[in-house]
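Just below is one structure, and these are the notes that go with it.
Just so you know, all these numbers are worked out from the coordinates, no wet-lab data involved. Small disclaimer: the values here were computed from a predicted structure and weren't measured. Cβ coordinates were reconstructed from backbone atoms using ideal geometry, including for glycine residues, and neighbour counts include every protein chain displayed.
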Amino acid sequence: MSDAAILARLGALLPPARLRTDADTLASHGRDWTRLYQPDPLAVAFPESVAEVQALVAIANDTACPLVPSGGRTGLSGGAVAKSRELVLSFERMNRILGFDAVDRSVTAEPGVILETLQDYAREHGLQYPVDFAARGSAQLGGTIATNAGGIKVIRWGMTRDWVSGLKVVTGRGELLDLNRGLVKNNTGYDLRQLFIGSEGTLGLIVEATVRLAEAPQAPAVMVLGLPDLEAIMSAFERLRAALRLTAFECFSAQALSYVTAHGQPRPFETETPWYVLAEYDAAEERDTEAAMAAFETLAEDGIVLDGVLSQSDSQWRALWRLREDITESIAHRLPYKNDVSVRVARVPEFLRAMDELFAREYPDFEVIWFGHVGDGNLHISVLQPPEMARADFVAACEQVSEHLFATLAALGGSISAEHGVGLVKKPYLSYSRDPAEISYLRAIRAAFDPNGILNPGKLFDPA
Amino acid sequence: MKVLVAVKRVVDYNVKVRPKADGTGVETANVKMSMNPFDEIAVEEAVRLQEAGKASEVVVVSLGVSACQDTLRTALAMGADRAILVETDAELQPLAVAKLLKAVVDKEQPGLVILGKQAIDDDCNQTGQMLAALLGCGQGTFASKVEPGDGLVTVTREVDGGAETVELKLPAVITSDLRLNEPRYVKLPNIMKAKKKPLEVLKPEAFGVDVTPRLKTLKVAEPPKRAGGVKVASVAELVDKLKNVAQVL
C-alpha cells in the first residue's frame, strides 16, 4: 500500500497532533542515542490508550507497514531506530501512574512513565524502584522492560526482569495479553511475561506494567578509590564485598576520568592512578563506616588501593557518582563506538588482560575508554573516533575490533551485549553469544507472536 | 596565626525538607544531616591558609547536640587540627550563637574567625555580623577571596552589582560566600587520622552565656501549592488570560 493510503488510514484513527510527519519529529523520534543510522520513519503516532495501540497494530497488519515502538530513545543499540519508512509508535502520551499498592509494594503504570518519575514516586511512598542508570531522566518504563535494562545497582538488586510482576502487552497479532497479574507465585506453565522482557519490541507492545518496589536505600555512602592496575580492581571488589553491604561497584580508567574532569567535575583527589573504582554501600550504622575504614586500611597496606575519598554528605554522594555517570555524556562529542560486554565475574581479570593486550597489539592508535559495572561482570568499552578519521572508515575499523573482541568473549563464554541489547548494532554478532539452534527457537517464538513480522523488523535477528 | 572556623550541622542540602505535622518546625527525624555547605567552604579556606603557611593552627567549633561531633570529625578530616563542641540540646538562635562564639574566641584568641555567610536551614545570615559587633572587630562578609597580609587581611566581597575589596585589621571575622573555593573531598586516610585528633566538649554554662531564645516560632508551613499551567488555543485567549487572570498587562 502506498504511503499516502497508509497515512490516510492512520489519519482516520488519530488527530493530526498525535500523528506527526514534520521533519523535526521524524528526525527526533526516528532514532535513539546511536549515531550510526539516518532516521527515515513514515510518521510518528502518539496513542493514548490500549485501544488505539491495538488499532495501530491492526492497521500495520492490514497495510504491511512495520511498527517501531519508541520510549525515551536512550538506547545504545539502535533498537528504536526507524530508518526504512516504518511507523514509529511513541508511548510518551501514555505516561500515567495508575496505582500504588502498599501491601504488594507495587506500582502499576503506563509504559511512557519516565524512570525517574517512577523512582521519585516510589521514594514518596518510602520505598525505591531499584533499577537505575544515568539516562533515568529520559528513559521510559516500557523501554526499560523491553530492553531488560540493568544499570548501576545490579549487583545488589538485579536487572529489570527481577522487578516486573505483571505486564499487559499487545502482540503482533493485535491481541491484548494480561500476563502474571502482579502475582508473586504463579506456576502455571510457560511464563510469557519473561519472554516480553528484553524482547526489544519484536514480540509485542508493552501497554501497562506492574513493578515491585524495594525497601528504601539505607543511607548510602560512596567511596572513590585509586588503583594501581587491572588486577587490583577484582581484589578490591572481593575485599569490599566481604566487608560491606555493597550496592554498586563501578570502575573507570584514568582516561575516562580525564574526560569527566574536562567536562567540569572536580577530581576526587590529586593522586593520579591508572584505574578508579566507585563503591557504594549502605552506611546506616556506625559499624558500616568502621568496616569501610578497616577494609580501606588493609587495601592500602597491601598496595591494592593508592588513595581514596569518602562522601560526607548527600551532595558529595551525588558529586562522586557524577564521576562515573558523566562519562557517557563527556565523551559523546567524540562519537564513540560502544561495546557493552559481560563475562562471569570470576573471569573479569582474565578478560581484561586479554582486551588490554588486544587493543595494545591491534589498535595502538585508538583511544579506548574503559568503564563499567565490574561487580556484575559488565564492561563498557568505548572507542573514540579520531578527529581526522572519516566516520565510515572509523565504523569499519571498529567492526573489525568487535570481531576480535567477540571471538575472545565467545571463548570465555561471555555475552556480546550485557545490558544494551542487540537492536541493529549488535545484530551481526548475535551468533557469538547464541548458537544456531537457539536462534532458530527465537525465530519460532517471534513467528508465534508476530506472524507478519510487523513489530520492529530487522532488530535482534533477521528472518531466516 | 590561629584560625577559628564555626561549623553547623544542618539538614543535608539535597533533602527535600518537610514541616512537622504539628507545624512547630522542620522534620529532622531520619533525615540526612551534613555540614552547612557555606561552613564547608569556610573550613576549606582555613585549611588552604594553613597549607599556604599563612595559618599556624585551624580550630573548628560547633554548637549544638552531641551528634555535631560527626560534623566536627568531617572538618578534622578535611584538615583542621582540633575541635571544640559546645554541647547543648537547647535551641540556639543567631545572637546566642554569636555570644557563645565570642566566649570561644576570648578563650582561643584566634587571629581570624571564618564562618559560613549563612546556614541553609534558617537562612538567617546574622551570626558573623553579630560576632564581629560583639568582638568589636572588623568584618568581611560574603567573601570570595581572602588574602592575609601583615597584621591585616584583604577580603574581596560579593556585593550587588560586582565585587568590593576591603582591608581589615586582625583579628577579624570573615563569612564565606559560594565562590570563595571548592571544598575538597575527604580522604579515607584522613578520616582515620581525624579520629585521633583532639575534640573538646564544653557546656554553655561554663561560659556564663544566656542562650534563651529571643524569637518565637509561631508556625512552620509548606508554601502554598502553585496552580498548574494551562494551554491556550489562540493569541487572543493568551492576551485575555494575561490581562484578566495573571493581571500582568
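Would you mind working out the magnitude of the charge dipole of the stretch B:2-224 relative to its Cα centre, with +1 at each Lys and Arg C-beta and -1 at each Asp and Glu C-beta, to the nearest 20 Debye?
Working: 29 positive and 31 negative charges, 104 e Å.
It comes to approximately 500 debye.
Please state the shape class of the stretch A:81-163: rounded when a/c is under 1.5, otherwise prolate if a/b exceeds b/c and oblate if not, all from the C-alpha gyration tensor. Walk me through the numbers on the way to the answer.
Working: a/c = 2.29, a/b = 1.47, b/c = 1.56.
Cα axes put the stretch A:81-163 in the oblate bin.
Here's the picture: a label point sits 7 Å out from the Cα of A:Ile445 along the beta-carbon direction, and within the stretch A:182-216 the residues with their amide nitrogen under 12 Å of it are A:190-204.
Just tell me how shielded A:257-269 is by partners: mean number of partner chain Cβ atoms within 10 Å of each residue's Cβ, no decimals.
Numbers: counts 0, 0, 0, 0, 0, 0, 0, 0, 0, 4, 2, 3, 5.
Counting other chains' Cβ atoms within 10 Å and averaging over A:257-269 gives 1.
Summary of packing: across the peptides A:21-27, A:217-223, the per-residue average of other C-beta atoms within 10 Å ranks them, highest first, as A:217-223, A:21-27.
When only DSSP loop residues count, what trypsin sites (Lys or Arg not before Pro) in the stretch A:280-347 have their Cβ near at most 14 other Cβ atoms within 10 Å? Mind showing how you got there, number by number?
Numbers: sites: A:Arg287, A:Arg318, A:Arg322, A:Arg324, A:Arg334, A:Lys338, A:Arg344, A:Arg347; in loops: A:Arg344.
Passing both the DSSP loop test and the Cβ count: A:Arg344.
Want the number for B:Glu51 to B:Ala29: 0.36 nm per residue separation, take away the alpha-carbon distance, what's left?
Details: separation 22, 0.36 × 22 = 7.92 nm, distance 3.79 nm.
In short, 4.1 nm is gained.
Looking only at other chains, what is the average number of their beta-carbon atoms within 10 angstrom of each beta-carbon in A:314-321?
Rounded to a whole number, the mean comes out at 4.
If you average the sequence gap of Cα pairs under 8 Å that are 6 or more apart and divide by the length of the stretch B:2-224, what percent do you get for the contact order? Walk me through the intermediate numbers first.
Working: 477 pairs, mean separation 58.3, N = 223.
It rounds to 26 percent for the stretch B:2-224.
Which whole number gives the average count of other chain Cβ atoms within 10 Å of the Cβ atoms across peptide B:186-194? Mind dumping the intermediate values first?
Details: counts 8, 9, 16, 7, 2, 8, 5, 0, 0.
Neighbouring Cβ atoms belonging to other protein chains average 6 per residue here.
Could you pull out the pairs from B:Lys8/B:Lys193; A:Lys185/A:Lys427; B:Lys20/B:Lys117; B:Lys16/B:Lys203 whose alpha carbons sit more than 25 Å apart here? Long pairs (Cα-Cα over 25 Å): A:Lys185/A:Lys427; B:Lys20/B:Lys117; B:Lys16/B:Lys203. Under the shape rule built on the C-alpha gyration tensor, where the axes satisfy a ≥ b ≥ c, the stretch B:131-207 is oblate, since a/c reaches at least 1.5 while a/b does not exceed b/c. Angle of helix A:115-124 to the longest C-alpha principal axis of chain A, folded into 0 to 90 degrees and rounded to 10: 70°. Length gained on full extension, A:Glu116 to A:Asp356, computed as 0.36 nm times the residue gap minus the Cα-Cα distance: 82.8 nm. Here the peptides B:241-248, A:293-300, A:368-375 are ranked by packing, the mean other Cβ count within 10 Å, and the order with the highest first is A:368-375, A:293-300, B:241-248.
Highest mean first, how do A:452-461, A:179-188, A:141-150 rank when packing is the count of other Cβ atoms within 10 Å averaged over residues?
On the way: A:452-461: 21.2, A:179-188: 12.5, A:141-150: 27.9.
So the order, starting with the most tightly packed, is A:141-150, A:452-461, A:179-188.
Let me know the shape class of the stretch B:2-224, please: from the alpha-carbon gyration tensor, a ≥ b ≥ c as square roots of the eigenvalues, rounded when a/c is under 1.5, otherwise prolate if a/b is greater than b/c, or oblate. Here the stretch B:2-224 falls in the rounded category.
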